[in-house]
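The values are calculated or read from the model by the stated rules, or taken from the named source; none is laboratory data. What you see is a predicted model; the values in this text were computed from it and never measured. Heads up, the Cβs are rebuilt from the backbone with ideal geometry, glycines too, and the neighbour counts pull from every protein chain shown.
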Amino acid sequence: MDSNTEIEELKRAFIFSLRKKFPRDSSSVIANATVNLLRKIIFRENPKTMNDLQVSLANHCKRLHAAQRSELIVINIGLMISKLARDEVLQKKGGSEPEPLYSLWRDDEETTEKLKTADMKKIKKDLQASIKELVTEIESSRECIASQSTELLFNNDVVMVHSLATSKTMHAFLTHAAKAGRKHRVITIVDEEEQSETAPDFGTPIDLYEAASKMPQTSKVVLVAAAYFPDGSCLVPAGGHQIALLAKRHCIPVYVLAPFYKLCPFFMTEPDALHTFRANTLPFDLSAKSAGLVDCLNPAFDTLESDLVTLFVSNTSCIIPSHVNRLKEDYYHAQDIADY
Amino acid sequence: MVQESIIASFRAKLENDRSKSTSLATVETLLEVLDRSRATTVAEFQNELNQVVAALEKTDFSSTSIRSAADLFTRFTSLAPAALLDQEDFSQVLDLYRQRARSFIKNASGSRAKISHFARLFFNHHMNILTHSYSKVVLETILDAHRSGFNLHVWVTESQPDASGKLMLEELKREGVPTTLVLDSCVGYVMERINAVLVGAEGVMETGGIINKIGTVNVCVIAKSRNVPVYVCAEAIKFVREFPLSQADIPQEFKYRTSVIEKNNLELEHPDVDYTAPEFLTLIITDVGAMKPEAVGEELIKMYI
């Protein structure tokens, strides 16, 4: 089997694994799978120069993302690896990247030309090592986020959470606080369909429509991000917007758990374009009768504007929404974003 | 005198090429100074520059734009590798500066196209856009989007006292963009149908707020109250190290043209510009990328510290 068909096989298997799983794998698993896939692709394709590497990475990521529109993580990881490769080349040369305003007076063409023609052979080993580091960072991110719970949750807090059943990070966050001896109450908002499932024993389950009546008793709201953006806005599981608005009404802080690999470097201008829909919830006989006549929209995510979020709990630290832009610079390169 | 000829060439640049921004003309003029300079020390050269900048600010062009461009220019002509500065021959340092200034001009002259590229993301079909006064960057951004097939409707405020909005209207109409002129006092009335506000800026302040044609703050406050996004299109050379806290805190030379300051009684004059605080702005779209207003301060700190 030549390397091209092999790569196609790998990609297909990856997409199938994304589509087949229901409920969806946790995002850290997907992030890791993406890193592994891209690593394999890089070392099968064996690009000669930096430029080849970046072009092929961008192409593969675009294709993968087109096949599975809701997985922004695929793009994030692709661009992160691209930045890692850039960093390796620069480290070899011993220079650092110009900051945006500094770049105004640099003759960029020359440096980019050098960067593009950089030989991949020299940095292959280092790139492999830094990709490994990326994997460890992804794996440890849940733990890192959970460990910050003791700084955010205190005794006698009443914490309202959403999508506890689907988010392992949220679960870890709350259990870590409980283990550390925090005596807080957890109000968890559950969908009707989830209610039958075994909810963790530390939470009081309520329905989404009860959120308004429970909000005055609440002292903190914790949500999980599906993605967050450099302007400080984020996508949260559907229902989150309503909870955040209520929290704002009662001046209650909203914390959003957001591991770094969910930081999408692009501005989200049209939330509708990103909306993915969950399965139709009309009962079968009803939908059979009304086929084509009734549209039942069941969006998977809500958009939260930055003013509704108090803090993002990332794996390195807690950041306010206006600092997300700075975090973006740690993980992505401006040129990669512009080229993508 | 040398200075007079330099000021004359500055004026000529702006008058011959209507599409040239004041900032870019400033940088080009300073490059001329650099080219002619026979300075033998850094201090001497800085002195030459300062004199020219002071003379440029005496003209009636926007002091905000001149200040920001001149500051940036002075900044990068004061950074040189120590090894180079230690050498006796100062002409080598000047050569480095010249080379930097040329790439600076090259990068800066392409900035409107870059802004238009970054702004493209924020356009939609059948969008109603409100803009205030005349701005070359906004004009190019809108025209660019129009040419690539977006059917936009642009609402332009008249922008008195100099009615610069009419100029904007004419330019947009010439290119076939559906455009409506509205009174300055009509902004509250039209805002309910507007999808986005697009304004330019004379200068972007360290707070992330902007100084722009008088009336901008009215437009932005109304937009904010109706949750309409306000996008500012501005080149990165317009970032200024000023930190205005209120309208009264805007430096006087930004508020009035030099000729007005010198001749007229300021108590009777209307200022040309106002300050829009960052909380009324959604995003600042620059040639180094789109950013939240909060990020401007960070960029400036990185640059000047």
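So here's what we get for this one:
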quantity	calculated
Helices (runs of 4 or more DSSP H) completely within the stretch B:11-123 that count 2 or more residues being within 27 Å of B:LEU143 (Cα to Cα)	B:22-36, B:63-76, B:90-109, B:111-119
In the stretch B:235-246, residue surrounded by the most Cβ atoms within 10 Å (Cβ to Cβ) [restricted to those that are within 13 Å of chain A (Cβ to nearest Cβ) and either of a type in the set (A, V, I, L, M, F, W, C) or free of Cβ contacts under 8 Å to residues at least 12 places away in the same chain (or both)]	B:ILE237
B:GLU175 vs. criteria over 21 Å from the mean Cα position of the chain (by Cα) and more than 23 Å from B:THR276 (Cα to Cα)	yes
Any hit, the stretch B:203-223, residues being among the acidic types (Asp, Glu), crowded, with 18+ Cβ neighbours inside 10 Å and under 23 Å from B:PRO278 (Cα atoms)	yes
Test: residue in the stretch B:268-290 that is within 8 Å of chain A (Cβ to nearest Cβ), of a type in the set (Gly, Ala, Ser) and outside any loop (DSSP other than H, G, I, E, B)	yes
Qualifying residues in the stretch A:220-238 (those that are within 14 Å of chain B (Cβ to nearest Cβ) and part of a loop (DSSP other than H, G, I, E, B)) - the one farthest from the chain's Cα centre (by Cα)	A:ASP231
Any hit, the stretch A:43-50, residues being more than 16 Å from A:ILE131 (Cβ to Cβ), among the β-branched types (Val, Ile, Thr) and in contact (Cβ under 8 Å) with a residue 60 or more places away in the chain	yes
Given (1) surrounded by fewer than 20 Cβ atoms within 10 Å (Cβ to Cβ); (2) at pLDDT below 90; (3) not β-branched (Val, Ile, Thr), number of the condition B:PHE254 does not satisfy	(1)
Number of the exception - B:TYR231 against (1) within 14 Å of chain A (Cβ to nearest Cβ); (2) modelled with pLDDT under 95	(2)
Tally, over the stretch A:16-35, of residues that are over 17 Å from the mean Cα position of the chain (by Cα) and either assigned by TED's automatic domain parsing to the domain that holds A:PRO259 or not in a loop (DSSP other than H, G, I, E, B) (or both)	4
Selection from the stretch B:170-181 of residues that are surrounded by 16 or more Cβ atoms within 10 Å (Cβ to Cβ) and either more than 14 Å from B:HIS146 (Cβ to Cβ) or among the hydroxyl-bearing types (Ser, Thr, Tyr) (or both)	B:THR179, B:LEU181
Inter-residue pairs, beta-carbon under 6 Å, first facing another protein chain (nearest Cβ under 9 Å) and in the stretch A:322-340, second part of a helix (DSSP H, G or I) and among the hydrophobic types (A, V, I, L, M, F, W, C), 6+ apart	A:ASN325/B:ALA295
Residue match in the stretch A:113-134 (condition: under 16 Å from the mean Cα position of the chain (by Cα), over 19 Å from A:PHE312 (Cα atoms) and at pLDDT 85 or above)	yes
Residue check for B:GLN99: among the polar types (S, T, N, Q) and within 11 Å of chain A (Cβ to nearest Cβ)	yes
One residue from B:ARG112, B:ARG102 being surrounded by fewer than 20 Cβ atoms within 10 Å (Cβ to Cβ) and basic (Lys, Arg)	B:ARG102
Residues satisfying the stated conditions in the stretch A:46-61, i.e. surrounded by fewer than 18 Cβ atoms within 10 Å (Cβ to Cβ) and part of a helix (DSSP H, G or I)	A:ASN51, A:ASP52, A:VAL55, A:SER56, A:ALA58, A:ASN59
When residues of the stretch B:157-199 are limited to those that are touching a strand residue (DSSP E or B) at 6+ places or on another chain (Cβ under 9 Å) and among the hydroxyl-bearing types (Ser, Thr, Tyr), the one farthest from B:ALA234 (Cα to Cα)	B:TYR189
Cross-chain or 6+ apart pairs with Cβ under 8 Å, the stretch B:110-123 first and more than 17 Å from B:VAL197 (Cβ to Cβ) and without any contact (Cβ under 8 Å) to a residue 24 or more places away in the chain, then crowded, with 18+ Cβ neighbours inside 10 Å and among the aliphatic types (A, V, I, L, M)	none
Within the stretch A:239-270, considering residues that are small (Gly, Ala, Ser) and part of a helix (DSSP H, G or I), the one nearest to the chain's Cα centre (by Cα)	A:GLY240
Enumeration of residues in the stretch A:133-168 that are touching a residue at least 40 places away in the same chain (Cβ under 8 Å) and closer than 11 Å to A:VAL222 by Cα	A:LEU152, A:LEU153, A:VAL158, A:VAL159, A:MET160, A:VAL161, A:HIS162, A:SER163
